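The values are calculated or read from the model by the stated rules, or taken from the named source; none is laboratory data. Values in this document were obtained by computation on a predicted structure and should not be read as measured data. With ideal geometry, Cβ positions are generated from the backbone for all residues, glycine too; neighbour counts draw on all protein chains shown. The protein model used for the area step is the full one, side chains on, heavy atoms only, and it has no ligands, DNA or RNA in it. Shrake-Rupley method; radii C 1.70, N 1.55, O 1.52, S 1.80 Å.
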Amino acid sequence: MGSGELTATMVEVHKGLLQQLPGTPRAVFLDTPAGFQLNVDQISTRAADYFQTRVRHPLKIASFKSRTTGSDYDRQQAGHKLRRADFVLIGPGSPTYALRQWQESPIPDLLTHCVTAGGCLVAASAAALTMGRFTLPVYEIYKVGQDLHWVGGLDLLGCFGLNLVVVPHWNNAEGGNHDTRFCFMGATRFDALEAMLPQALSILGLDEHTACILDLATDQVQVKGIGGITLRTSDGTMTIQSGEHFDLSVLREGSITPDSASKSMAPESALPTDDSDPNFWHQAHDLESRFQDGLARGDARAATNALLEFDRIVWQAQHGLENEAMVAQARDTLRDMIVLLGNQLAASPGLREENLAPLVEALLDLRQKLRGERQWDAADMLRGALDTMNIVVEDTPDGHRWYLKSG
């Protein structure tokens, strides 16, 4: 997955992967890439909650934060869970940190075993970078300013005859006025990085909120999500959009001919077509990022403005008769944002009414707007989120009023 492994856009992808596994699959989240972060346990909890509430499937945590810290018992427990897992999800963090921790550990063999035993391995975002022969050290180059270079990858794909480098966030646009495509490298730097790779090596670029599913049993590749994938080889470049599938031999051979697309790809009739508006999703994900940033900085005005603008574009999409599934996914994201806001305020018990007033009043204005639009569920969810923070809302003939519960 290029990104979005814990967002609304990937819910149906996770469900579809789990449904292909027999019985009741044992699903596990491996936390290593974020093991150095202070919020690593919160990320794991969020993943488990996401699977429980959105995917409707339990997800256990295999905690292998570091090969040198923690107890031997904890590391043994992580190995035991991975050994029994039918579905393993690995996601955000640092790819190079993950690689250092997995060296001289049983983790690579356990991940390979999951696949060879008929299970499913989902490597998203940072974890996707580790799967190929070489790994792009994103933070070291983009944030620290190190010289352009690659580091050795896990090369799990090589075990299955795939000589690839995987690059998620292929279509990233967070830079605004500067180029952050190709996993934040930009075209100029990435061209130089590409020139450093062996000529026989192919690059698999994954757009954000997009999944490239390699089915080793059928030798087929499916693309799902809201973007596409890009294959760069010495022969040229080929782009495959969501909803299409093609022979795995295209990735194995790394050979692109003028008619590769017409011969190798065909619409998957059994899959729902994805006619989502990519511009809508780019705007939605930008607002979601602004909301998250506002929460992180404690900027109530920025978080609220992003929430209100998100509501506006969802309402606009619904009245514009956009794809129903797209609108439903966007509504789910909006609900997630509301719940996150509630959790953030609930975790700040020291705030007084005068500090809360601007944010609560803005949320109540949003609630009133939702009620006026007959979006009762969303309005009730807002009130429920406020209630979890001990904020009581009363509707009176003169409008709403609110107060904090005592104690």
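Data overview
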| read-out | value |
| --- | --- |
| Pairs of alpha carbons in segment 106-254 whose separation is greater than 25 Å (percent) | 25 percent |
| Degrees, to the nearest 10: 186-195 long Cα axis against longest axis of the chain | 20 degrees |
| Residue 216-residue 239 FRET efficiency (beta carbon distance; Förster radius 25 Å; 0.05 resolution) | 0.60 |
| ³J(HN,Hα) computed for each position of segment 116-122 - Karplus, 6.51 cos²θ - 1.76 cosθ + 1.60, integer Hz, glycine/proline x | 5, 7, x, x, 10, 10, 10 |
| Calculated diffusion of segment 1-160, Stokes-Einstein form, Kirkwood radius summed over Cα pairs, 20 °C and 1.002 mPa s, µm²/s | 135 µm²/s |
| Cut-off under 5 Å, modelled amide H: who pairs with residue 220 long-range | 215, 248 |
| Accessible carbon and sulfur surface of the chain relative to its total accessible area, %, 1.4 Å | 49 percent |
| Length-normalised contact order of segment 87-240 in % [C-alpha pairs under 8 Å, at least 6 apart] | 16 percent |
| Stretchable slack from residue 57 to residue 147, in nm (0.36 nm times residue separation minus alpha-carbon distance) | 28.1 nm |
| On Cα atoms only, tilt of 40-50 relative to the major axis of the chain in degrees | 80 degrees |
| Two-site label geometry, residue 292 and residue 80: point separation in nm, points 7 Å out along Cα→Cβ | 3.3 nm |
| Linear extension gain, residue 38 paired with residue 113, 0.36 nm per residue minus alpha-carbon span | 24.0 nm |
| Between 0 and 90°, nearest 10: helix 353-372 axis offset from the chain longest Cα axis | 80 degrees |
| Extended-chain gain in nm, criterion 0.36 nm per residue less alpha-carbon gap, residue 173 and residue 361 | 64.4 nm |
| The chain - percent relative contact order, Cα under 8 Å, separation 6 or more | 11 percent |
| For segment 29-124: rounded, prolate or oblate by the Cα gyration tensor [a/c cutoff 1.5] | oblate |
| Over 23 Å (Cα to Cα) - which of 60/224; 15/81; 60/143 fall in this group | 60/224; 60/143 |
| Sparsely packed trypsin sites (Lys or Arg not before Pro) within segment 81-152, loop by DSSP, other Cβ within 10 Å at most 15 | 143 |
| ³J(HN,Hα), Karplus 6.51/-1.76/1.60, whole Hz, each residue of segment 289-304, x for Gly, Pro | 5, 5, 4, 4, 5, x, 4, 4, 8, x, 8, 4, 5, 5, 5, 5 |
| R0 of 25 Å, Cβ-Cβ distance residue 376-residue 309: FRET efficiency to nearest 0.05 | 0.70 |
| Hz values of 3J(HN,Hα) by residue in segment 167-182 - Karplus curve (6.51, -1.76, 1.60), Gly and Pro given as x | 10, x, 6, 4, 10, 4, 9, 5, x, x, 8, 9, 6, 10, 5, 6 |
| Other-chain or far-sequence residues with amide H under 5 Å of residue 61's (modelled H) | 29 |
| Amide proton proximity set for residue 244, modelled H, under 5 Å, gap of 5+ | 223 |
| Average accessible area per residue (Å²) across segment 111-236 - probe 1.4 Å, nucleic acids and ligands excluded | 39 Å² |
| Helical contribution to [θ] at 222 nm, DSSP H n ≥ 4, -39,500 (n - 2.57), averaged over the chain, rounded to 500 | -13500 deg cm²/dmol |
| Shape call, segment 1-84: gyration tensor on alpha carbons, a/c limit 1.5 | oblate |
